[in-house]
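Asks: Quick one: the structure is below, questions incoming.
The values are calculated or read from the model by the stated rules, or taken from the named source; none is laboratory data. Please read these numbers as outputs of a predicted model, since none were measured by experiment. Methodologically, a virtual Cβ is constructed for each residue, glycine included, from the backbone with ideal geometry; neighbour enumeration extends over all protein chains shown. Side chains included, ligands, DNA and RNA excluded: accessible areas come from the protein's heavy atoms. Shrake-Rupley method; radii C 1.70, N 1.55, O 1.52, S 1.80 Å.
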Amino acid sequence: MPQTATQNISAVELERQGYIRRQNLRSVGISIVSTLVLAALIVIGLKVSPGWPNVRQSFFSGKYFAQSFPAVLQGLWLNLEVLFFATIGVAILGTLLAMIRISTSPLLFPLRALATLYTTFMRGIPMIVLLYLIGFGIPGLNIFGRIPAAVLGTIAITLDYAAFVGEVLRAGFQDVHPSQRASARSLGLTSGQTIRMIIIPQALRNVAPALMNDFISMQKDAGLISTLGAVDAVRAAQISVAQTYNFTPYVVASVLFICTSVPFILLNDWYSKRLRGREQGMGVV
């Protein structure tokens, strides 16, 4: 009954809730005013800049925006394909690396040492250098014949981000309290069932924000495959710039990448906030 629930709340709690509502409204008002002031300062600063007309014509031309948009949008489809297959590869390879790194079996020592070296070196190599090594090194071996640049770019992104994701997962696995494993084994679950049903779900919940950040970074780095010659969104923008001598196509590519990233960024922020709320909790006085 709603009336009974309201009657059970003490006066102290009602006062606290009212104070929180007033503070929230005050925070929203201050945020709106400060945002408008900052936006006005930026607009005024751009307007009074002597070179603003030239910058606006070079980077924010409506004519070249509309002209280059279809080609850049078509190129973005290739970035999304690379991102899709790279995500699958990173999930598989990253999980394998994490499982090998947390294993304690003496039989797996060579694989554990190899996984440690792999994650150490891969996290230290710049992404652009790894793209060059994979994109121009593998075709130079003349073993597999001609390989599309998009495939080589997908391999490079997968190898690089698997090292980061593997370490994130390893930290999540090790963060699960040992008593969880012991309790599962005492209930009769096998080692595989314990990992699959107890360890992995808890670990993923703890490291989900970090994994989402890696995914968003990988989404941006998918645009680097243009360095191998693949005609993605960035490469399509470069071609348009070379034809028109106007930089607006780069803005088009940026806008499209932002549009694809924003939903995942908002999802990540929402989930992180939900986790913080769950950890802090709010009891009723």
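Asks: Exactly one condition in (1) part of a helix (DSSP H, G or I); (2) over 21 Å from the mean Cα position of the chain (by Cα) is false for Thr104; which is it?
Replies: Only one criterion is unmet by Thr104, namely (1).
Asks: Could you go through the range 62-73 and let me know if any residue there is open to solvent by 80 Å² or more (accessible area, probe 1.4 Å), closer than 22 Å to Val241 by Cβ and outside any helix (DSSP H, G or I).
Replies: no
Asks: Quick check on my filter: what residues within the range 42-65 are within 16 Å of Val234 (Cα to Cα) and among the hydrophobic types (A, V, I, L, M, F, W, C)?
Replies: So the first thing to find is which residues in the range 42-65 are within 16 Å of Val234 (Cα to Cα), and the list is 59, 64-65.
Answer for the range 42-65, where residues must be within 16 Å of Val234 (Cα to Cα) and among the hydrophobic types (A, V, I, L, M, F, W, C): Phe59, Phe65.
Asks: Tell me which of these Arg196 doesn't satisfy, since it passes every other one: (1) within 22 Å of Leu96 (Cβ to Cβ); (2) within 23 Å of the chain's Cα centre (by Cα).
Replies: All conditions are met except number (2).
Asks: Turning to a different aspect of this structure: If you take the residues of the range 48-61 that are among the small types (Gly, Ala, Ser) and not in a helix (DSSP H, G or I), which of them is nearest to Ala253 (Cα to Cα)? Step through it out loud before you land on a result.
Replies: At the first step, the residues of the range 48-61 found to be among the small types (Gly, Ala, Ser) are 49, 51, 58, 61.
Restricting the remaining residues to those that are not in a helix (DSSP H, G or I) gives 49, 51, 61.
Numbers: Ser49: 26, Gly51: 24, Ser61: 14 Å.
My answer is Ser61.
Asks: Considering each residue of the range 122-171, count those that are out of contact with any Lys or Arg (no Cβ under 9 Å at 6 or more places or on another chain), aromatic (Phe, Trp, Tyr) and either farther than 16 Å from Ala230 by Cα or surrounded by 21 or more Cβ atoms within 10 Å (Cβ to Cβ) (or both), and give that number.
Replies: Of the residues in that region, 2 qualify.
Asks: Among the helices (runs of 4 or more DSSP H) contained in the range 172-285, which hold 2 or more residues that are more than 30 Å from Leu78 (Cα to Cα) and either open to solvent by 40 Å² or more (accessible area, probe 1.4 Å) or aliphatic (A, V, I, L, M) (or both)? Full working, then the answer.
Replies: Numbers: elements: 178-186, 191-194, 200-221, 233-244, 248-280.
In the range 172-285, 178-186, 191-194, 200-221, 248-280 are the helices (runs of 4 or more DSSP H) which contain 2 or more residues that are more than 30 Å from Leu78 (Cα to Cα) and either open to solvent by 40 Å² or more (accessible area, probe 1.4 Å) or aliphatic (A, V, I, L, M) (or both).
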